[in-house]
Amino acid sequence: MAKFNLNDYDYLGFDLDNTVLRYNVRNVVRMEYQVMAKYLVEEKGYSAKLLEPLEADEDFLQKGLILDCENGNILRISRSGVVLRAAHGRRFLTDDEIASYYGPERRWELGRKFSEDILKVWNGPVSLKLRNLLDYFDMPVSLLYSRIVDAIDAERGGVQASYNVWPDILSGLVQIYTREHFQSGVSEYFNLLREHPDEYLHKTSPSVITWLKELKRTKATFLLTGSNIDFADFTASYALGNNWRDLFDSVICFARKPAFFFDHQRPFLDVSGYEECGPAKSLQINKVYSQGNAKDLMEILKQKKPMDNPNILYIGDNLIQDVFTPSTTCGWDTVAVIEELNIRQDDEKLLKSTCWDSYFSCSGQKSFWSEIIEKHSRICVPSLDVLAQKPIDYSYPAFGDDSEINGYHNHYVSIPSILEAQFLGSAANRRNPRDTKKSFKQLRSYRYQQEILREHRSNEAAAAAASVASTEDSLNKGH
């Protein structure tokens, strides 16, 4: 049986939002919805019906849904790009209707492209037609989008040939999440978080803080977040205490993931107060930097623990930015933090959708995201508390050839029963690349990294892709 042990790693990294820092999902999603709806009504002229409370349609929400922006549809797809379930607006489509959109094999062409080359679609102009709602900070978009599509169809007498809703929603996301808006007070989202942190943020448990301190004694540890330094300082100070920086050997903010992991030409920037002040002339341990890249990060961490080929682990919640990309482009191991594994009662309606089925499966088939978890992370946990309750040298059952569900761990059992019943017997169909030799894994990661980097720079050179990249940077406040 494959095993996972923290003592196998030399460098340990953590995402901040929804990993080291946890949000009150119910409150923050409801607040995000209201702020976005208000913007779309007041600034973009959409119907005031958008302002109706989210609660009436909470079951429609799920992390990981995908927008088919042209057709007005919301989808769940398999790892191979097959549409497992679909809704037009808030109305779920029949099998025949799904076939009319995506063919008898239910295979959406853009979904196929996404399944074959995740980072190309994530970074390129296709992201204007296919949008992933990966975390709790864009999860409300599915309901906003569906309500707008329903309103357009009702106003114009039926389903339209195409829809142009996404640019307005994207404008709203830029408005509330652009990093400069935390200090300027322009974003109502940031303002409400700052005024009422107790409503939206959880205090990190003392056991996790003690665990982080213990890890730092023998490992080189780092915090790698997309949050700008001012927002990160505010949220981390609330959750971890004012001395939160001392929990890590290195802190990198506004990391601009996923490109952080494969674009080695992005320099680390020195930070003075909350302001970036140019490329760092020298990289030092125990400092806070902005932006940067994975290759230069190794030079920082070597100052504490000099090694030529360190074993690196990164822990985060975003399955593209924090799991898939570091695994495939850097050869790092990862731990996926997925709250849906251990749903708290207060958040149950938002995290356990009967409309869309389990986050991990749909109609008895593995979801796109469960396949990413099982192939690109060592284990999956709902929170760091699961890891903190065990000794650092504890060996966890991990994802591997013998079973693809052994790597799921919650507070009570190592294999969630909801997964066991659905997934047993499927392990023999795929091979876990972690069981190949390390040298092959590193070579494969290097080759893939170069392919992604070439594509990424090609996209950035094109005008359309440059516009998309600029918008993504504005959104990359840290979530």
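Some notes on this structure:
- Derived scalar couplings ³J(HN,Hα) [region 381-391; Karplus, 6.51 cos²θ - 1.76 cosθ + 1.60; whole Hz; x for Gly, Pro]: 10, x, 6, 5, 4, 4, 6, 5, 7, 10, x
- Under 20 Å from the Cα of K349 - lysines, other chains or at least 8 residues apart: K63
- Sites matching chymotrypsin sites (Phe, Trp or Tyr not before Pro) across region 237-295 that sit in DSSP coil, with at most 12 neighbouring C-beta atoms within 10 Å: none
- Scattering profile of region 25-195 at q = 0.08, 0.09, 0.19 Å⁻¹ [log10 I(q)/I(0), Debye over alpha-carbon scatterers]: -0.24, -0.31, -1.31
- The GluC sites (Glu not before Pro) of region 145-216 include none that meets both conditions, a loop assignment by DSSP and at most 11 other Cβ atoms within 10 Å of the site Cβ.
- Solvent-accessible area, 1.4 Å probe, carbon plus sulfur percent, for region 25-195: 47 percent
- Heavy-atom accessible area per residue - region 25-195, 1.4 Å, Å²: 39 Å²
- The slack in the chain from K203 to Q284, taken as 0.36 nm per residue of separation less the alpha-carbon distance, amounts to 26.2 nm.
- Normalised by the number of residues in region 225-321, the average gap of Cα pairs under 8 Å and 6 or more apart makes the relative contact order 28 percent.
- Cross-link pairs exceeding 21 Å in C-alpha to C-alpha distance, out of K113/K366; K213/K302; K366/K390; K304/K390; K49/K129; K219/K390, comprise K366/K390; K304/K390; K49/K129.
- Our summary gives region 25-195 a relative contact order of 28 percent, counting only alpha carbon pairs under 8 angstrom and 6 or more residues apart.
- Antiparallel content of DSSP bridges confined to region 265-384, in %, to 5: 55 percent
- Cα Rg over Rh - region 38-111, Kirkwood: 1.05
- Overall form of region 270-335 per C-alpha gyration tensor (a/c, 1.5; a/b vs b/c): oblate
- Distances between placed amide hydrogens fall under 5 Å for R85 paired with R76, all partners being 5 or more residues away or on another chain.
- Region 28-78: C-alpha gyration tensor shape, a/c 1.5 cut-off, then a/b vs b/c: oblate
- Per-selection Kirkwood Rh - region 182-336 (Cα, Å, 1 d.p.): 16.5 Å
- Over region 124-221, relative contact order from alpha-carbon pairs under 8 Å, at least 6 apart, %: 13 percent
The values are calculated or read from the model by the stated rules, or taken from the named source; none is laboratory data. Remember, it's a predicted structure, so these values are computed and weren't measured experimentally. Glycine also receives a Cβ, built like all others from the backbone with ideal geometry; neighbour counts cover every protein chain displayed. Ligands, DNA and RNA are excluded from the accessible area calculation, which covers all protein heavy atoms including side chains. Shrake-Rupley method; radii C 1.70, N 1.55, O 1.52, S 1.80 Å.
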